[in-house]
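The values are calculated or read from the model by the stated rules, or taken from the named source; none is laboratory data. Being a predicted model, the structure only gives us computed values, none of them experimental. Glycine gets a Cβ as well: all are built from the backbone with ideal geometry, and neighbour counts include every protein chain shown. The protein model used for the area step is the full one, side chains on, heavy atoms only, and it has no ligands, DNA or RNA in it. Shrake-Rupley method; radii C 1.70, N 1.55, O 1.52, S 1.80 Å.
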Amino acid sequence: MEFKASDIAAFLNGEIEGDGKVKVNNVSKIEEGEPGTLAFLANPKYETYLYTTEASVVLINRNLELKQKVSATLIKVDDAYQAFAALLDLYLQAKSNLKVGIEQPSFMDASVAAGKDIYLGAFAYVSKNVIIGNNVKIYPQCFIGENVTIGEGSVLFPGVKIYDNCVVGNNCIVHAGAVIGSDGFGFAPKKDGSYKKIAQIGNVILEDDVEIGANTTIDCGTMGSTIIRKGAKLDNLIQIAHNCEVGDNSVLAAQVGVAGTTKIGKNCKFGGQVGLNGHITIGDNVQLAGQTGVSNNVKDGEILLGTPAIDFKLALRASIAFKNLPQMVKDVAWLQKEVEEIKSKK
Amino acid sequence: MEFKASDIAAFLNGEIEGDGKVKVNNVSKIEEGEPGTLAFLANPKYETYLYTTEASVVLINRNLELKQKVSATLIKVDDAYQAFAALLDLYLQAKSNLKVGIEQPSFMDASVAAGKDIYLGAFAYVSKNVIIGNNVKIYPQCFIGENVTIGEGSVLFPGVKIYDNCVVGNNCIVHAGAVIGSDGFGFAPKKDGSYKKIAQIGNVILEDDVEIGANTTIDCGTMGSTIIRKGAKLDNLIQIAHNCEVGDNSVLAAQVGVAGTTKIGKNCKFGGQVGLNGHITIGDNVQLAGQTGVSNNVKDGEILLGTPAIDFKLALRASIAFKNLPQMVKDVAWLQKEVEEIKSKK
Amino acid sequence: MEFKASDIAAFLNGEIEGDGKVKVNNVSKIEEGEPGTLAFLANPKYETYLYTTEASVVLINRNLELKQKVSATLIKVDDAYQAFAALLDLYLQAKSNLKVGIEQPSFMDASVAAGKDIYLGAFAYVSKNVIIGNNVKIYPQCFIGENVTIGEGSVLFPGVKIYDNCVVGNNCIVHAGAVIGSDGFGFAPKKDGSYKKIAQIGNVILEDDVEIGANTTIDCGTMGSTIIRKGAKLDNLIQIAHNCEVGDNSVLAAQVGVAGTTKIGKNCKFGGQVGLNGHITIGDNVQLAGQTGVSNNVKDGEILLGTPAIDFKLALRASIAFKNLPQMVKDVAWLQKEVEEIKSKK
């Protein structure tokens, strides 16, 4: 797709300075700008690149005063960063809308109810009684199990696997290789030390506006549902066990692991590699630093660090003391010796 | 599939109370019961739901004395939970047995030896000289490398990838996206700081009754085998490196990582995100708490926590002391000052 | 493929002792040797197996003096281990070269530019404007997004997913299930607590000789590139976030996680489950022990352990003191009591 500078300016209510007929077909960073691309200048510390960039079009703030001549066509807007972000969204939206139609070979059971303008990539597999909303994009090699529902506007990137009976809300994004609805990890010990599998018959519900990262796994409920609430964002390689719940707009960084039946509140933020025990409750607005391990309930608004998790600031102070532990061992030994000596002299 | 209450009662040697002709086609939790479903009541604290549930059929313990009128058809059995679990197993078994046949397009080399009643999903790929036992279910988009053997009754969920020469035992379950037999991570340093790949020519052996979680990865032996012994259960996103061994009936929670050539004994239980060094031996019946990091051999029956791993109870006590370290720093400083003062006064 | 002992000896400049016409079609460990296989003896402690092995051919060091009669055909070389490794490389190379051609059904857009002797497995999907170098092997069920370039001799194992615009260098290996170029984890908070997705328009660049493990995920740059430099080796289940850089010949063990915009130098070695904060810089030749968590910049050559990461040797000493903390708590309490007592007596 190619766009003319004057058309971009019109869309952004911007003012052109230079050749409005110049065309761009991609974007670039201003410091790496190439001919045929559009860049933006928002941060003043990058201003020197404005005078040397080879980008064909640059978005700048209306109030910027030029110090040298610029070869690129300029588009002056109120907020160059916001304008750039708006253009990107428009571009990605347009690009995504081009993906329409059923590629062959793909597999769609006759019982599937599919909405308008869906994309189904080659080698994708859609099982019985699946319901697919309007504008859903299912990339190649995805697997959709029986009775699954996928809401309007959701996108499943290549190789996503969704087990039977799961529900994906509207405008969700699931990245490549993610597995939704695999069996919960439940086994009953037998007398001989071996285990009997406990049937896992629940499902996973992703509410609207959820994003799931690449190769993340979310197990189904043993009975009932594992639920990812509206607007929650999960990064790559995360594990969510059976019957967990992640609250509205909570954000989990990569490689977090949550054991079974744990409930996470709203608007939480977890760093990477955080681990949560099963059967606990995490309040709203909780923040957990990377690698933190939580074994007990956490109240609203707490900020924790470490394994076992303690107050963030306390953990930082304790970590400094930890580093000095070898010296403290010596200090205490000296004190013991001195005190014994003092006592013996009496 | 739909079942009549009287048929269920007959199968369970149960006693009907109410309309035996009622039919159910799904199960539910008693507190969320819907018409057309079967629920069970085992835990007395849920008894109130028995009188309000909309489930059509409820399994109850024979000795339960009803306190109010119940609208659902009741089936009285010796142990309602066991009876429910038995029904579920039967249901899942029946459902799984419906999956039979070779869907197209799929790829099966002419040299493949396939047993009876197998299921091969569309877009699955079966390479040369593969042997597939009776009743094996291979879901869509699986890849089976050359010379692989898959034992009777095993199930490979969508997108499982098995490299050449691996062996899957009988009645194994491998969940979506798991990778079995990828190259071990072996490189010989060269003088210029770069690395030469060491050929990885071994395989992976899953013995009987093994379950492997979604997106888990198990590397092949450099030479020889990486072995997951009979009845071991591995959760999602686990990494097992080359030439490791996981003992009979050991259970590893999600995101555990085991470095090369480490041997894990029988009946162990590891929490999530546990990490094990390479070339160590873990005894039988060892328990490791979540996020524990183990660098050395561990004896039979030990229970460990922390990185580096120490005795579980000691680790808990040390963690409490850790939290109080900032105060202890002050206490020791005060002691030093006081002792110096006492000494100086002499 | 079958090879004659005399041909192997000629290739290795080795000296035959025994029947040169014996043929082998596989390799084995000397202690597990079977007829028709080739083994090697490098480590003197395995010498006893030389006299009992059923392997048909054994490579031995030229200077080894036999203590008993050997039934296998021997090939004497300067360095048996090196010779064995060279044979393996040759064998794997030959085997890989047999994989040539386009299997059907597969999907290759008409605009794709493909080199000579490529392999494209069934159910693989190659999008618009992809460029594929000579001798590239793309296994079944891979997905290659638009505008991707794959350099000569690279191998993508089954189910690899590469998003649009990524670049794979020459002689790279990407293992099954790895995801290259998924969206970076970027969201702008809105006033109501929900998040707006920030468009992720960058790519991933794998330079030459890079190896990526199974189910590892590498996010694209938000703008610009996430770069894995020449010769770097990444194990399984690793997470590399947007705009990171991994330096030449750095080696990352399984389950490492690196947050966004962090730069890792050359020739680093990270143990498993290491976690790195975002926006930090790690020098060259840095070594991080397993499970280490790094929040700040690290200088060239540092060796660190723990969370927060501190000097390796200091961390070991502090860990020993940590184990003794419960005792130290008692010691300090005793000291406080004693000092108070001494003071009160004055």
| field | Filtered residues of segment C:223-249 (kept if within 10 Å of another protein chain (Cβ to nearest Cβ) and in a loop (DSSP other than H, G, I, E, B)) | value | C:Met223, C:Gly224, C:Lys230, C:Gly231, C:Ala232, C:Asp235, C:Asn236, C:Leu237, C:Ile238, C:Ala241, C:Asp248, C:Asn249
| Checking B:Asn97 against (1) within 26 Å of A:Ile144 (Cβ to Cβ); (2) within 12 Å of chain A (Cβ to nearest Cβ); (3) modelled with pLDDT under 95, which test does it fail? | (2)
| query | If you check C:Val136, C:Val126, C:Val148, C:Val155, which single one turns out to be in the same structural domain as C:Ala214 (by TED's automatic domain parsing) and over 25 Å from the mean Cα position of the chain (by Cα)? | reply | C:Val126
| message | Given the condition surrounded by fewer than 24 Cβ atoms within 10 Å (Cβ to Cβ) and at pLDDT 95 or above, answer yes or no: does some residue in segment B:174-183 qualify? | response | no
| query | Just one of B:Ala188, B:Ala178, B:Ala199 is facing chain C (nearest Cβ under 9 Å) and touching a residue at least 24 places away in the same chain (Cβ under 8 Å); which is it? | reply | B:Ala178
| Mind checking which residues of segment C:275-294 are more than 21 Å from the chain's Cα centre (by Cα), open to solvent by 40 Å² or more (accessible area, probe 1.4 Å) and more than 8 Å from chain A (Cβ to nearest Cβ)? | C:His279, C:Thr281
| request: Given the conditions (1) within 14 Å of chain B (Cβ to nearest Cβ); (2) open to solvent by less than 40 Å² (accessible area, probe 1.4 Å), report the number of the one that C:Ala72 does not fulfil. | output: (1)
| said: Checking the condition farther than 19 Å from A:Ala124 by Cβ and touching a helix residue (DSSP H, G or I) at 6+ places or on another chain (Cβ under 7 Å), which residue from C:Ile102, C:Ile75 passes? | reply: C:Ile75
| Filtering segment C:250-274 down to residues that are within 17 Å of the chain's Cα centre (by Cα) and more than 16 Å from C:Ala232 (Cα to Cα), which residue is farthest from the other protein chains (Cβ to nearest Cβ)? | C:Val274
| task | Could you figure out which of (1) in a strand (DSSP E or B); (2) open to solvent by 10 Å² or more (accessible area, probe 1.4 Å) isn't true of A:Asp117? | result | (1)
| Counting only residues that are more than 13 Å from chain B (Cβ to nearest Cβ) and assigned to a strand (DSSP E or B), which one in segment A:295-328 is surrounded by the most Cβ atoms within 10 Å (Cβ to Cβ)? | A:Val298
| So C:Pro44 clears everything in (1) under 30 Å from B:Gly145 (Cα atoms); (2) at pLDDT below 90 except one condition, right? Which one? | (1)
| message | Out of everything in segment C:208-224 that is touching a residue at least 40 places away in the same chain (Cβ under 8 Å) and open to solvent by 10 Å² or more (accessible area, probe 1.4 Å), what residue ends up being farthest from A:Tyr91 (Cα to Cα)? | response | C:Asp209
| said: Quick test for you: out of A:Gly14, A:Gly33, pick the one residue that is closer than 19 Å to A:Leu90 by Cβ, open to solvent by less than 70 Å² (accessible area, probe 1.4 Å) and touching a helix residue (DSSP H, G or I) at 6+ places or on another chain (Cβ under 8 Å). | reply: A:Gly14
| note | The residue from A:Ala94, A:Ala85 that alone is touching a residue at least 60 places away in the same chain (Cβ under 8 Å) and either at negative phi or within 30 Å of the chain's Cα centre (by Cα) (or both) is A:Ala94
| query | Quick check, is A:Tyr91 within 11 Å of chain C (Cβ to nearest Cβ) and not basic (Lys, Arg)? | reply | yes
| query | Within segment B:259-272, is even one residue over 30 Å from A:Trp334 (Cβ atoms), of a type in the set (Gly, Ala, Ser) and touching a His at 6+ places or on another chain (Cβ under 9 Å)? | reply | yes
| remark: With criteria (1) farther than 24 Å from A:Met223 by Cβ; (2) open to solvent by 50 Å² or more (accessible area, probe 1.4 Å), B:Leu98 comes up short on (1)
| Looking only at residues in segment C:163-173 that are under 21 Å from C:Ile238 (Cβ atoms) and under 18 Å from the mean Cα position of the chain (by Cα), which one is surrounded by the most Cβ atoms within 10 Å (Cβ to Cβ)? | C:Val168
| Residues of segment A:174-209 that turn out to be of a type outside the set (Val, Ile, Thr), more than 22 Å from the chain's Cα centre (by Cα), assigned to a loop (DSSP other than H, G, I, E, B) and on the phi < 0 side of the Ramachandran plot, as a count | 11
| task | Select, from A:Ala39, A:Ala86, A:Ala55, the only residue that is within 14 Å of chain C (Cβ to nearest Cβ) and in a loop (DSSP other than H, G, I, E, B). | result | A:Ala55
| Residue within segment B:157-171 that is facing chain A (nearest Cβ under 10 Å), closer than 18 Å to B:Lys230 by Cβ and touching a strand residue (DSSP E or B) at 6+ places or on another chain (Cβ under 6 Å) present | no
| task | Take the residues in segment A:120-136 that are in a strand (DSSP E or B) and buried (at least 22 other Cβ atoms within 10 Å of the Cβ), then tell me which one is nearest to the other protein chains (Cβ to nearest Cβ). | result | A:Tyr125
| said: For segment C:153-162: of the residues being open to solvent by 20 Å² or more (accessible area, probe 1.4 Å) and part of a loop (DSSP other than H, G, I, E, B), which is nearest to C:Asn135 (Cα to Cα)? | reply: C:Gly153
| field | Candidate set: segment C:184-200, residues that are of a type outside the set (S, T, N, Q) and touching a Gly at 6+ places or on another chain (Cβ under 9 Å); chosen: the one surrounded by the most Cβ atoms within 10 Å (Cβ to Cβ) | value | C:Phe185
| said: Cβ-Cβ distance below 8 Å, separation of 6 or more or different chains: which pairs start in segment B:227-244 with a residue that is farther than 23 Å from C:Gly213 by Cα and open to solvent by less than 10 Å² (accessible area, probe 1.4 Å) and end on one that is assigned to a strand (DSSP E or B) and among the hydroxyl-bearing types (Ser, Thr, Tyr)? | reply: B:Gly231/A:Tyr195
| In segment A:49-64, how many residues are within 34 Å of the chain's Cα centre (by Cα) and over 13 Å from A:Glu17 (Cα atoms)? | 5
